[in-house]
Every structure is written in structure tokens, then in C-alpha cells.
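What follows is a single structure, written as C-alpha cells, with notes after it.
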Amino acid sequence: MAKKFSSELTKNGLVIVSGLALGIDTIAHQTCLEEGGKTIAVLGGGFHHIYPEENTYLAQAIVKNGGLLISQYKPEEQANTKNFPKRNKVISQVSQAVLVIEAGIRSGAKITAGYAKEQNKKVFVIPNPLDSKNAKGIQQLLEKGATMIFQSTQIMSQLDTRYLVPLTTPVKLIDTKHSEENKIYQILLQRPHSINEIIQKMQDKPQQILQKLSIMEIEGVVENIGNIYRLKEKK
């Protein structure tokens, strides 16, 4: 559901704002980039400590493709749970509306929606099965005035569409978390590299690195041009 709505809203020219967390945040940012849209990630710590660490490659891809990282903390400050409610307030402040896909009783999504209501922003929710752990959180938001929706056109009909963003070249992203492919991905995000440069930075056995690069080529993530590896743009 998160991927479906993120894809449709991005294709309609909306900028997706989220918190770079694992789960729905990650899906929203990734889908936006893969559709050629712009996305904003609001961090719970400083720029020198991207959290969670496995989304470092995603944060880099957001900036590289014309998106934005926002932090109200010093670059060296690490993320912690006390920072997240403040981060959620910024998410609602820079957004025209808030869409809640899942919301437990004590969840960041509910906090963001609460701030949005205080700021007179629109809050949309997607219905959850009654036996879902998130159903009660969604119900509480509905009782406080949130609007239930079933399709993205319901959101578009209630927003100011004067500032829609045209799509650009879609980005090929992979969700590899702590894998060796992710390390290679992060290296190539900086610029194209020769195999010797990659081996030097990875500090691993050349045979294993070549094997990983071959897999990434087959998957369409990288391409080899004259013994120089670079990320392959999604078409």
C-alpha cells in the first residue's frame, strides 16, 4: 500500500516527505526516486550520523537526485528516540498534508498527524483491518478529524497543485541493508570507479568483489564501461 500511494502521488508531481526510518519511510523515499520524483528526508540526528545506518545509501541518493535532507541538529549529533517527535513536527511543518498508512496507539505516525492537526494541515488515513494492531491508532485519528481515503485521487483533489514537480530520470535503487553490494553501491554513488579503486576501498578479496559486481550487473544496478564501473540509471 505504501509503495502504491507513493508511486501514484509522485507521478502526480508531489514531493514526498518522510523520516528515513525503516519500513514505510524507506518505501516512500525509494519509490519516489524510482519514479523520478523528488523527496525530502527529515533526520533525527546530524548529517554525520545518518540513522538508520543501512539507509545511508538512500540518503545519498536523495541528495544526488535533487532531493533534500533536513536536520535541526548539529552534524556530529547522533540520532536518539528523544529527537524523533521533534523530527516528526518538522515533517508536518514542511508538508502540505500528512498521509498515515499505519499507526499504532503509540507511533511516530500518530505524533506527526497530531502536529499536522495543530498546524491546520490535512490528515489522511488508509483503513486498516479491524484485527490489525494499527486499527485502533487509525480509529483514533478518524475520531480527531482525519479523512479516510481509498485512492490517491482523493488526496490530489484537496491539495494546492500550483507547486507540482515534474518527473526527472528515474533512479535504480536496491535495498541491500548491510550487504557487500550496499558497500559497493555507496562507493559508486560518489562517482564511477575502476575495479582497482573499488578493491582498495573495500579491502576485500578481489574475487569476491568481482563476484558481487557481476551480480549487480545482472540485476541491472551497475554497468562496466571500459573497466570503469558506474551505477546504471533506471529506464
In the range 1-83, which helices (runs of 4 or more DSSP H) lie fully inside it and hold 3 or more residues that are over 26 Å from Ser152 (Cβ atoms)?
56-64
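Yes/no per residue for (1) more than 20 Å from Ala2 (Cα to Cα); (2) hydrophobic (A, V, I, L, M, F, W, C); (3) in the same structural domain as Ser6 (by TED's automatic domain parsing):
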| site | (1), (2), (3) |
| --- | --- |
| Pro85 | yes, no, yes |
| Ser92 | no, no, yes |
| Leu99 | no, yes, yes |
| Ser107 | no, no, yes |
| Pro127 | no, no, yes |
| Lys144 | yes, no, yes |
| Met148 | no, yes, yes |
Can you say whether Ala103 is under 14 Å from Ser18 (Cα atoms), at pLDDT below 95 and not in a strand (DSSP E or B), as far as the supplied structure shows?
no
Restricting the range 214-234 to residues that are assigned to a helix (DSSP H, G or I) and among the β-branched types (Val, Ile, Thr), the residue that is surrounded by the most Cβ atoms within 10 Å (Cβ to Cβ):
Ile215
The range 177-201 - residue that is outside any helix (DSSP H, G or I) and touching a residue at least 60 places away in the same chain (Cβ under 8 Å) and, of those, nearest to Tyr57 (Cα to Cα):
Lys177
Just one of (1) surrounded by fewer than 20 Cβ atoms within 10 Å (Cβ to Cβ); (2) within 30 Å of Lys183 (Cα to Cα); (3) of a type outside the set (Lys, Arg); (4) at pLDDT 95 or above trips up Val94, so point out which.
(2)
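Taking the options Ile228, Ile215, Ile155, Ile199, name whichever one is closer than 30 Å to Lys121 by Cβ and either out of contact with any Lys or Arg (no Cβ under 6 Å at 6 or more places or on another chain) or at pLDDT below 85 (or both). Spell out how you get there, then give the answer.
On the way: Ile228 fails: closer than 30 Å to Lys121 by Cβ; Ile215 fails: closer than 30 Å to Lys121 by Cβ; Ile199 fails: closer than 30 Å to Lys121 by Cβ.
Going through Ile228, Ile215, Ile155, Ile199 in turn, just one is closer than 30 Å to Lys121 by Cβ and either out of contact with any Lys or Arg (no Cβ under 6 Å at 6 or more places or on another chain) or at pLDDT below 85 (or both): Ile155.
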For the range 15-29, which positions are more than 14 Å from Leu69 (Cα to Cα) and surrounded by fewer than 23 Cβ atoms within 10 Å (Cβ to Cβ)?
Leu22, Gly23, Ile24, Ile27
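Among the candidates Asn80, Asn65, which residue alone is touching a residue at least 40 places away in the same chain (Cβ under 8 Å), surrounded by fewer than 19 Cβ atoms within 10 Å (Cβ to Cβ), out of contact with any Pro (no Cβ under 9 Å at 6 or more places or on another chain) and more than 21 Å from Glu102 (Cα to Cα)?
Asn65
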Which condition does Arg162 not pass, out of (1) touching a strand residue (DSSP E or B) at 6+ places or on another chain (Cβ under 7 Å); (2) more than 16 Å from Glu8 (Cα to Cα), if it passes all the others?
(1)
For the range 202-213, how many residues meet the condition of being assigned to a helix (DSSP H, G or I) and over 27 Å from the mean Cα position of the chain (by Cα)?
6
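The values are calculated or read from the model by the stated rules, or taken from the named source; none is laboratory data. The model shown is predicted, which means the values in this text are computed figures rather than measured ones. When we count neighbours, we look across all protein chains shown, and the Cβ atoms used for this are built from the backbone with ideal geometry, even at glycine.
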